[in-house]
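So the structure is just underneath, and the comments pick up after that.
The values are calculated or read from the model by the stated rules, or taken from the named source; none is laboratory data. All figures in this text were calculated on a predicted structure; none of them were measured in a lab. Cβ: placed from backbone, ideal geometry, glycine included. Neighbour counts: every protein chain shown. The area values use the complete protein model at the heavy-atom level, side chains included, leaving out ligands, DNA and RNA. Shrake-Rupley method; radii C 1.70, N 1.55, O 1.52, S 1.80 Å.
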Amino acid sequence: SSHGSLPRLMAAFLLKVNDATRLRDPSFHAENPKIRLPRNLRSKIIKAVGEKVNLLIPFQGKPRPVVTWFKDGALMEDKSVGTRTSEVDTILFIRSAERRHSGTYTLSVQIEDKTDSADLEIQVVEKPGSPINVHVTDVWGFNAALEWKPPKDDGNCEIIGYTIQKCDMKTKEWFTVHEHNHRLSCTVSDLVMGNEYSFRVFSENICGLSDNAAISKNTAVIDKTGEKDPSFKETDMNRSPKFTAPLVDRSVIAGYTTAISCAVRGYPKPKIMWMKNNMAIEGDPKFLMQNNQGVLTLNIRKAGLFDGGRYSCRAVNDLGVDEVECKLEVRGANFLSNI
């Protein structure tokens, strides 16, 4: 069709006009095509679904360059993505971003046989779906262990954590017990004797929490005796230690008392050893170690700059060993005033 050859006619026409300009204007000098990609467009451009995309990219070049846009290596033909080009810049705009707009957009600026090109990476994201298959895996003392699977839909970006809530079946009120939990499991402690609890879990990505939570398929009954829940009969009670809640990296300000904690299961009751940079912490009055039904806490009194480092906790019984670790960063008190 004549329509298809229009851009080629235009290009040929522009070349003729440009040649004429050059002959007529002795001061004219050609300038190679060069894209001036703004710094904020050099890393991945993240937009929420429904947001407007409006990217302006300046370029140089004389005579006027021919500007072409590609998406994922093919000529861009998506009607919902607009471009406007002047002699010195081009704009890529999308009125309302959808996930299908994610990808690599390539700008090509050409003058005769010289070309400059630049890639822009656009990622369109939204809130994730809720997690799958939340269930109580164990109940002991005043604690319950939960596990779940990641959501089917991550919202087109990585899941950065989970928020866990508990609900006493009598009051039917939800309370948050963990936020930004990175594992697909957690231990909920300090439950009340004689109560029955349900749990729910939200997924989180950079857009926020999932609109809905997944509710646990079963409940945790905290027996009056504090014995194990009869619905978790196990043929062999003996088990090697397993951490059900990890140590988490922390950054604290010097001079304050701080604590790191984790949770472990195992029978016979595991022996616990705390270490700093692989050296056992023993008999140092600066540290106080607590073990409350398998919820382990290391209190560090008035942390000083020398207390920063890699802390680990090891649990051992006759059947095996498990270990977790974290980094503790201690900052000077003047750190905040410098921001």
query: residue 273 to residue 135: extension gain in nm, 0.36 nm per residue of separation minus the Cα-Cα distance?
result: 46.7 nm
Nitroxide proxy distance, nm - points 7 Å out along Cα→Cβ at residue 170 and residue 291: 3.2
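Please give the calculated 222 nm ellipticity per residue for the chain, where each DSSP H segment of at least 4 residues contributes -39500 (n - 2.57) and the sum is spread over every residue; nearest 500 deg cm²/dmol?
-2500 deg cm²/dmol
What accessible area per residue, rounded to a whole number of Å², is obtained for the chain using a probe radius of 1.4 Å?
I get 58 Å² per residue for the chain.
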- request: Please work out the FRET efficiency for the pair residue 183 and residue 96, using the Cβ-Cβ distance as r and a Förster radius of 30 Å; give the result to the nearest 0.05.
  value: 0.25
field: Mean separation of Cα contacts under 8 Å, 6 or more apart, over the residue count of the chain: relative contact order %
entry: 12
field: region 131-142 - phi-based ³J(HN,Hα) in whole Hz, Karplus 6.51/-1.76/1.60, Gly and Pro as x
entry: x, 10, 6, 6, 8, 7, 9, 6, 9, 8, x, 10
field: Rel. contact order, % - alpha carbon contacts under 8 angstrom, at least six apart, region 239-331
entry: 41
- line: Amide H contacts under 5 Å for residue 138, restricted to residues at least 5 apart in sequence or on another chain and with H modeled in the peptide plane, are 145
query: What ³J(HN,Hα) values, in whole Hz, does the Karplus curve 6.51 cos²θ - 1.76 cosθ + 1.60 give for region 71-78 when θ = phi - 60°, with x put for Gly and Pro?
result: 10, 6, x, 10, 3, 6, 10, 6
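Give me the extension gain from residue 253 to residue 240: residue separation times 0.36 nm, minus the current Cα-Cα distance, reported in nm with one decimal.
Working: separation 13, 0.36 × 13 = 4.68 nm, distance 3.66 nm.
Length gained between residue 253 and residue 240: 1.0 nm.
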message: If you take P(r) over Cα pairs in 20 Å bins from 0, in percent from the coordinates, which of [x] 22, 36, 24, 15, 3, 0; [y] 27, 48, 23, 3, 0; [z] 31, 61, 8 do you get?
response: [x]
- prompt: For the Cα atoms of the chain, what angle does the longest principal axis make with the long axis of helix 2-24, in degrees from 0 to 90, nearest 10?
  reply: 60
- request: Compute the FRET efficiency between residue 211 and residue 52 as 1/(1 + (r/R0)^6), taking r as their Cβ-Cβ distance and R0 = 30 Å, and round to the nearest 0.05.
  value: 0.85
message: As an exercise, use a Förster radius of 56 Å and the Cβ-Cβ distance of residue 224 and residue 121 to find the FRET efficiency, rounded to the nearest 0.05.
response: 0.45
statement: Within region 239-331, pairs of Lys residues whose Cα atoms are less than 15 angstrom apart, provided they are eight or more positions apart or on distinct chains, add up to 5
Approximate spin-label separation residue 72-residue 39, in nm, with each point projected 7 Å along Cα-to-Cβ: 3.2
statement: Carbon and sulfur atoms account, in whole percent of the 1.4 Å probe accessible area of the chain, for 53
statement: Pseudo-spin-label distance residue 86 to residue 31, built 7 Å along Cα→Cβ, given in nm, is 1.4
- request: Take the chain, connect every pair of alpha-carbon atoms lying under 10 Å apart with a spring to form a Gaussian network, then pick out the residue of 160, 122, 111 with the largest mean-square fluctuation.
  value: 111
